[in-house]
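The numbers here are math on the coordinates, done by the rules we state, and not lab data. From a predicted model like this one, the values you see are computed outputs, not experimental measurements. When we count neighbours, we look across all protein chains shown, and the Cβ atoms used for this are built from the backbone with ideal geometry, even at glycine.
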Amino acid sequence: MSSNDILDMYIYETNTLLEQLENIVLDAEKENTFSQDNVTEIFRIMHTIKGSSAMMEFDTLAQVSHRIEDLFFIIRENTMEVVSEENRPALFDLMLHSVDYFREEMEKVEAEQPLNKDVDSFLANINTLIAKIKGEEPPAAAAPAPPPAAEPAPPPAEAAPQADEGNPDFPYQLRVFFDDGCGMENLRAYMLVTSIQGFCAESDFLYEPADVEQDASTAEQIIDNGFLLEFKNPEDRESAIPTVRTSGSVRSYQPHDYVPAPPQAVMPEPAETTPPPPSAVKTAKPAPASAPAAANNPNNAQHQKESLISVNLSKLDALSAIVGEIVITESMVTSSPDLKGLHLDAFSKSARQLRKLTDELQDVSMSLRMIPVSNTFQKMNRIVRDMCKKLNKQVKLTLVGENTEVDKTIVDSIGDPIMHMVRNSMDHGIEENVQDRINAGKDPVGEILLSAQDTGSEVIIQISDDGGGVNDEAVLAKAIRNGIASPDVEYSHKEILNFLMAPGFSTNAQVTEFSGRGVGMDVVKSGVESLGGSVTITSEQGQGMTTIMRIPLTMAIMDGMEVSVGDSIFTIPINNVRSSLKITEKDILHDSVNGEMVKLMDSYYPVIRAREFYNLPGGADNVEDGILMWLESGDISYCLFVDELLGEHQIVVKPLPTYVNNFDVKSYGITGCSILGDGSISIILDAKGLYAAAHIM
Amino acid sequence: MSAMKEDVLFQVQDDDLFLTDEDTVESRKYLIFVVDDLRIGLDAEYVVEILNGYTVTYLPMMPDYIRGIFNMRGQIIPMMDIRLRLGKAPLEEGNLLVVVNYNNTHLGILVDAVELMLDIPNELIMPIPAQSAQKLVSGMCSLPDGSGTMLVLDCDQLLHE
């Protein structure tokens with residue numbers, strides 16, 4: 001594993017943990033408390049981030065996570081009751097801030113930029129909160145008290161080593177374990193103390209049990225719990241370590257700080273012989289030392305995670321490419337012309353079986369690329385929460401159908417459009433004034449509904465709010481002002497809504513932090529259309545607005561209409577094809593600039609001849625010899641003249657070779673290609689790009 | 001002669017195993033192919049395979065020297081007629097392709113014939129004289145067997161200009 005792989009792994013893992021953390025915090029905020037499970041989970045997350053950051057030598061990250069871990073250690077030991085009501089908002093804010101902080105730093109790590117070195121103010125924030133929480137801590141909780149699950153065998157007062165055992169004035173601890181059965185552990189410990197006194201003032205360190213010199217029974221405690229040294233200064237502890245190491249019969253030792261941390265320093269003995277870090281010991285049975293602290297707090301999420309593996313997307317791409325090949329090859333073999341006229345019963349039977357298996361294989365390989373939209377949806381929780389605070393609105397976000405599965409590439413690209421629409425609803429949709437809502441007979445708390453639904457061929461994502469809805473007059477006035485609409489024309493409600501998606505349209509006069517950056521819904525529209533989908537808006541004044549995005553489930557497989565021009569075969573996405581028709585020469589009308597048009601259903605549509613446009617070597621020139629494909633994409637509609645309609649097929653989309661992309665064929669409406677059943681290649685056309693190119697020329 | 005050559009070959013392979021830095025490799029292998037009256041050497045490192053017989057699909061809106069794209073075991077690869085690229089008349093009956101992979105860009109080069117694979121010490125490769133700078137050529141050398149001159153193909157130029 002190269003260092004880059006390790007770094008990738010680290011970034012991936014940390015980001016996953018941050019996502020988990022954010023969700024926990026957002027959910028907890030609604031309840032206004034962290035459940036004990038949450039606290040344990042956050043503790044575990046911070047612990048992992050701390051450990052891996054320290055391993056990657058991102059010290060600032062390790063520091064911050066360490067402090068947060070401290071914070072949650074206090075909460076874990078004393079339950080959420082330790083945080084008083086007034087401190088809770090600060091705690092939630094702090095946690096969300098830290099998620100943002102880590103995310104930012106992760107981006108820097110990814111971009112190989114230097115990290116933000118100045119974390120002092122952030123650490124100070126955490127420390128202040130810790131102090132606040134501690135200030136209200138009942139004294140009983142601060143004193144070393146055995147956790148409920150203490151080991152029953154030894155005297156309860158000195159039970160299992162407790163993580164909160166210690167003295168804040170002597171925070172640097174060193175726990176020493178002696179060899180099994182070496183005897184006289186108390187005296188050995190005392191000898192250790194004497195040798196440490198050689199370089200460290202007696203007032204600068206403590207040890208526990210304290211009366212090792214006189215009381216022989218302390219030997220048993222030391223066997224069970226080790227001998228605890230507590231230093232005032234970290235330097236003293238550092239210098240004590242060599243002494244401890246060279247003392248006879250020392251089996252192992254663990255330095256750790258008062259607020260517990262896993263063993264960070266060297267362990268002279270193999271890990272197996274090392275007892276678990278004290279902080280991890282919650283139960284009587286010691287866990288294997290190699291396991292992280294979290295191993296003692298198993299939870300379901302972790303078990304679930306173990307049944308999942310993360311795979312590089314390029315491997316999945318390669319897999320689907322190969323499976324596509326197998327499907328094609330299979331049909332090449334079974335329908336081979338060599339087999340014509342032969343009666344091969346056994347062969348046909350095996351061939352059918354093979355067909356069935358390849359179909360299954362194709363389904364499985366496709367399903368590998370499908371992931372639920374829940375992650376994208378969950379992110380909106382945070383946006384709604386932040387905007388509620390900023391805009392002082394009360395809105396709840398309802399998620400429906402988060403488990404709908406969509407192709408990974410699509411999930412990645414619908415995030416921005418969805419976020420844009422949610423922000424839009426928050427900013428412009430939900431009423432500024434709560435009274436307005438009450439007057440309109442609505443719930444004072446606004447609602448944004450985000451839903452996903454799988455229809456088998458496409459996924460429908462719907463974002464609706466119950467806000468003020470679209471004001472037709474205001475939109476029209478703005479559209480006229482921006483020159484999108486003409487003042488003399490009467491527009492229908494639907495047409496006015498479409499202005500919202502015109503480039504450069506933003507009804508909010510003010511540019512806010514969240515929306516109205518001059519780019520508006522046109523970005524949403526073009527984003528969704530680039531995925532092969534469509535956007536529609538419906539709105540009822542006073543009742544809110546609904547945006548519906550229809551997106552194909554996967555981009556890798558597409559239904560297309562195959563047409564031929566000369567020897568070339570083109571595939572047109574089926575949702576661009578309106579119909580196909582045969583016409584005669586006299587149906588063609590000519591315009592002043594030598595363009596051709598055809599009249600269909602009382603409207604005129606331009607005709608583009610594929611052969612001429614692409615300078616193809618062969619193809620029909622005579623209109624009667626070919627066929628017109630009536631194509632539509634968004635608001636454009638035209639006819640493409642081709643030779644022959646070959647039929648509708650499901651194709652596996654392949655990108656064009658990188659070298660070809662240098663020549664910018666995309667701007668001529670050529671978006672990709674696909675391998676046909678006989679191994680030949682068809683070129684995928686994009687109706688919109690073709691039209692645009694034809695009209696520039 | 002042939003025994004000696006084998007010796008050299010073996011040594012180069014050894015070098016390849018341990019020394020990957022270009023400066024330390026003293027000779028490189030070249031695939032020599034014929035285009036019109038030229039013999040062109042292509043660094044064997046970039047050669048994926050040599051194909052004979054394929055179906056090319058015409059891709060519109062490309063320069064004339066790109067004949068189209070073809071399907072090599074599921075991989076779509078553009079095909080360049082190097083005669084047209086060098087400004088020569090195209091061959092009517094050419095169907096021999098050298099498939100190259102240069103920094104992960106795949107390209108099929110249509111050539112007249114493929115001659116042989118040869119080790120050429122780096123010091124034998126001369127820069128091209130400035131006054132007769134050739135298109136797409138980064139150097140030249142006389143072939144050790146005295147049969148003529150080989151031009152070294154500049155893949156970078158081939159793909160990016």
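So here's what we get for this one:
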read-out: Formal net charge of residues neighbouring A:His493 (Cβ-Cβ distance under 10 Å; K, R +1; D, E -1); value: -2
read-out: Cut-off 13 Å between beta-carbons: net charge of the residues surrounding A:Thr571, Lys and Arg +1, Asp and Glu -1; value: -3
read-out: Modelled FRET efficiency - R0 45 Å, A:Phe347 with A:Ser526, Cβ distances, 0.05 increments; value: 0.30
read-out: Summed residue charge, Cβ within 11 Å of A:Val445's Cβ, Lys/Arg positive, Asp/Glu negative; value: +1
read-out: A:Asn662-A:Val445 FRET efficiency (beta carbon distance; Förster radius 35 Å; 0.05 resolution); value: 0.05
read-out: Two-site FRET efficiency, A:Tyr604 against A:Asp416, from Cβ-Cβ distance with R₀ of 56 Å, rounded to 0.05; value: 0.90
read-out: Region A:372-429: translational diffusion in µm²/s, Stokes-Einstein, Kirkwood Rh over Cα pairs, 25 °C, 0.890 mPa s; value: 206
read-out: Residues whose placed amide H lies under 5 Å from that of B:Leu86, excluding near-sequence neighbours; value: none
read-out: GluC sites (Glu not before Pro) lying in DSSP loop within region A:74-121, provided at most 11 other Cβ fall within 10 Å; value: A:Glu112
read-out: Cα coordinate range in region A:371-543, projected on the principal axes (Å, largest first); value: 48, 37, 27
read-out: Gain on full stretching of the segment that runs from A:Asp567 to A:Asn15 - 0.36 nm per residue minus C-alpha separation; value: 193.7 nm
read-out: Whole-Å distance, taken between Cα centres, linking region A:1-78 and region B:95-159; value: 56
read-out: Reach of A:Lys340 by Cα under 29 Å, taken over lysines that are not fewer than 8 positions away in the same chain; value: A:Lys349, A:Lys356
read-out: Under the Karplus curve 6.51 cos²θ - 1.76 cosθ + 1.60, θ = phi - 60°, whole-Hz ³J(HN,Hα) for region A:335-347, x wherever Gly or Pro sits; value: 10, 4, x, 5, 8, 4, x, 9, 9, 10, 4, 5, 5
read-out: Computed lengthening from A:Asn312 to A:Glu220, 0.36 nm per intervening residue step minus Cα-Cα distance; value: 27.8 nm
read-out: Aspartates and glutamates with Cα under 18 Å of A:Lys393, excluding same-chain neighbours fewer than 8 positions away; value: A:Glu29, A:Asp93, A:Asp427, A:Glu431, A:Glu432, A:Asp436, A:Asp443, A:Glu447, A:Asp465, A:Asp466, A:Glu513
read-out: ³J(HN,Hα), Karplus 6.51/-1.76/1.60, whole Hz, each residue of region A:400-417, x for Gly, Pro; value: 10, x, 5, 8, 4, 9, 9, 3, 3, 4, 6, 4, 5, 9, 8, x, 5, x
